[in-house]
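One structure is given below, encoded as structure tokens.
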Amino acid sequence: MIDFNVPPFTGKELDYIKEAIDARKISGDGKFTRKCSRWMEERFQVKHTLLTTSCTHALEMAAFLAGIKPGDEVIMPAYTFVSTADAFVLQGAKLVFVDVRPETMNMDERLIEEAITERTKAIVPVHYAGVACAMDEIMAIAKRHHLIVIEDAAQGVDAYYKGTALGTIGDFGCYSFHETKNYSMGEGGAILFQKDEYREKAEILREKGTNRSKFFRGQIDKYTWVNYGSSYLPSDMNAAYLYAQLEIADEITRDRMRSYTYYQEGLKELADQGYISQPWVPEYAVHNAHMYYIKVENLEVRSRLIAYLHDNSIHSVFHYIPLHTAPAGIRFGRFFGEDRYTTVESERLLRLPMYYGLEEKDLEHVVKTIKSFFIGGGIIAGQAAIGNGNKNE
Ligand SMILES: *Cc1c(COP(=O)(O)O)cnc(C)c1O
């Protein structure tokens with residue numbers, strides 16, 4: 001079976017975890033947490049980076065720091081992971097979902113301004129597949145209406161918008177280091193921000209409402225409970241695992257890009273013949289090969305293709321039932337305007353195996369199998385009919 005995902009492992013992880021254990025510091029904010037944060041601050045040119053236990057928790061911290069209150073409205077795409085929404089729902093916010101652009105599956109920035117009301121407090125762009133949203137436009141809208149921008153850059157680590165790292169453009173950026181992401185620590189994430197004014201509040205929130213971070217830096221002689229908070233800091237053992245990958249981030253991206261390009265070139269023929277559509281990257285964006293997806297005619301063809309790939313030992317997946325159609329989405333949000341693309345496009349999208357170290361022979365097998373489905377008779381064996389009918393004539 002060709003797995004859909006294999007968690008990244010580069011070889012140094014166990015040495016670094018042992019180093020953390022030997023240093024007798026396996027709780028949060030040890031040596032490797034510091035190394036990871038510094039690495040990101042330098043590489044992504046951002047003033048503040050705090051490692052968290054997940055991107056979900058980074059988003060939760062951002063919602064707190066942004067001062068989201070019950071009744072506030074937050075604008076986001078419906079085509080995203082539930083965490084994007086959960087963080088704001090926990091603060092009592094109402095979600096306002098905006099349609100996506102079909103060519104990137106990112107929130108359509110041209111629809112945001114109309115969705116703003118006097119209760120709107122924040123915009124949450126999600127950089128789908130590590131391809132940047134139109135950030136100049138989004139930041140200009142936010143400025144005009146005094147809104148906070150929180151980037152869900154879970155998939156956008158080491159991806160760029162006009163040369164600027166995703167996650168460093170809005171007021172807050174949130175990264176994920178889940179095992180399905182480009183760089184991993186099992187479960188983990190980070191919150192990034194440029195403004196000094198958020199630093200102390202963020203540290204307190206992350207350390208159970210105490211000023212313990214200040215205490216560790218020797219700025220105060222004992223620490224105490226100063227505000228509400230939670231425990232959003234990961235173990236240094238997890239940070240040690242992550243650091244082994246950050247060190248060779250370029251190599252990981254190069255390797256993923258190799259797979260991405262293989263798919264893009266190998267499947268071009270099918271795209272040219274109209275069987276599928278392929279991902280597209282705007283000129284302003286440099287992506288990180290987080291994901292490779294294709295879009296097929298419709299839901300029925302996708303289901304048949306998934307089954308056909310499975311019969312040929314390939315694990316492919318789809319994701320994101322649009323949030324506004326889920327029970328919680330109906331309760332906590334509303335779709336602004338017309339759902340022109342979110343639902344239909346989400347039903348067409350299929351993700352192919354993509355991970356660090358995916359072998360060429362496996363890529364070849366995936367491409368060949370998809371081709372045989374559409375033009376080699378596989379689709380007929382599966383008794384599928386492609387939407388507009390005459391493709392096989
Ligand atoms: C993976 C992901 C998350 C959640 O990340 P965790 O680290 O698992 O909490 C949030 N948003 C998007 C868009 C994601 O892809």
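The values are calculated or read from the model by the stated rules, or taken from the named source; none is laboratory data. What you see is a predicted model, and the numbers here were worked out from it, not measured in a lab. Here Cβ is always computed from backbone atoms with ideal geometry, including for glycine, and neighbour counts include all displayed protein chains.
If the condition is being assigned to a loop (DSSP other than H, G, I, E, B), at pLDDT 90 or above and among the aromatic types (Phe, Trp, Tyr), then the stretch 208-248 contributes Tyr228, Tyr232.
Determine which member of the set Lys18, Lys25 is in contact (Cβ under 8 Å) with a residue 12 or more places away in the chain, surrounded by fewer than 22 Cβ atoms within 10 Å (Cβ to Cβ) and among the charged types (D, E, K, R).
Numbers: Lys18 fails: in contact (Cβ under 8 Å) with a residue 12 or more places away in the chain.
Answer to the selection: Lys25.
Rundown of residues vs (1) in contact with a Cys (Cβ under 9 Å, 6 or more places away or on another chain); (2) farther than 29 Å from Asp196 by Cβ; (3) of a type outside the set (Gly, Ala, Ser); (4) part of a helix (DSSP H, G or I), yes/no style:
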position: Val46; (1), (2), (3), (4): no, no, yes, no
position: Thr56; (1), (2), (3), (4): yes, no, yes, yes
position: Phe64; (1), (2), (3), (4): no, no, yes, yes
position: Ile68; (1), (2), (3), (4): no, no, yes, no
position: Ile75; (1), (2), (3), (4): no, no, yes, no
position: Pro102; (1), (2), (3), (4): no, yes, yes, no
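Hey, could you check the stretch 162-190 for residues that are part of a strand (DSSP E or B) and either buried (at least 23 other Cβ atoms within 10 Å of the Cβ) or among the aliphatic types (A, V, I, L, M) (or both) and say which is farthest from the ligand (Cβ to nearest atom)? Checking each candidate, the answer is Ala165.
Figure legend. Inter-residue proximity from the stretch 149-165: first residues among the polar types (S, T, N, Q), second residues within 13 Å of the ligand (Cβ to nearest atom) and in a loop (DSSP other than H, G, I, E, B), beta-carbon distance below 7 Å, spacing 6+ or different chains. Indicated pairs: Gln155/His127; Gln155/Lys181; Gln155/His290; Gln155/Met291.
Quick check on the stretch 77-91: of everything there that is buried (at least 24 other Cβ atoms within 10 Å of the Cβ) and more than 10 Å from the ligand (Cβ to nearest atom), which residue is farthest from Ile148 (Cα to Cα)?
So, considering only residues that are buried (at least 24 other Cβ atoms within 10 Å of the Cβ) and more than 10 Å from the ligand (Cβ to nearest atom), the one farthest from Ile148 (Cα to Cα) is Ala78.
Scanning the stretch 77-100 for residues that are under 17 Å from the mean Cα position of the chain (by Cα) and either of a type outside the set (Val, Ile, Thr) or assigned to a loop (DSSP other than H, G, I, E, B) (or both) yields Pro77, Ala78, Tyr79, Thr80, Phe81, Ser83, Ala85, Asp86, Ala87, Phe88. Only one of the numbered conditions (1) of a type in the set (Ser, Thr, Tyr); (2) modelled with pLDDT of 95 or more; (3) outside any helix (DSSP H, G or I) is not met by Tyr260, and that is (3).
Scanning for something at pLDDT 95 or above, within 15 Å of the ligand (Cβ to nearest atom), crowded, with 22+ Cβ neighbours inside 10 Å and of a type in the set (S, T, N, Q), does the stretch 92-106 turn up at least one residue? Yes: the stretch 92-106 contains one or more residues that are at pLDDT 95 or above, within 15 Å of the ligand (Cβ to nearest atom), crowded, with 22+ Cβ neighbours inside 10 Å and of a type in the set (S, T, N, Q). Here Lys121 clears all of (1) touching a Phe, Trp or Tyr at 6+ places or on another chain (Cβ under 7 Å); (2) charged (D, E, K, R); (3) outside any helix (DSSP H, G or I) except the condition numbered (1).
Among residues that are at pLDDT 95 or above and closer than 30 Å to Leu111 by Cβ, Glu364 is not included. Within the stretch 35-63, how many residues turn out to be more than 16 Å from the ligand (Cβ to nearest atom) and closer than 18 Å to Gly173 by Cα? Within the stretch 35-63, residues that are more than 16 Å from the ligand (Cβ to nearest atom) and closer than 18 Å to Gly173 by Cα number 11.
Of all residues in the stretch 110-119, one or more are closer than 20 Å to Lys162 by Cα, surrounded by fewer than 20 Cβ atoms within 10 Å (Cβ to Cβ) and of a type in the set (D, E, K, R).
In the stretch 345-369, the residues that are at positive phi form Cβ pairs under 8 Å with partners that are not aromatic (Phe, Trp, Tyr), at six or more places apart or across chains, as follows: Gly357/Val6; Gly357/Pro8; Gly357/Asp255.
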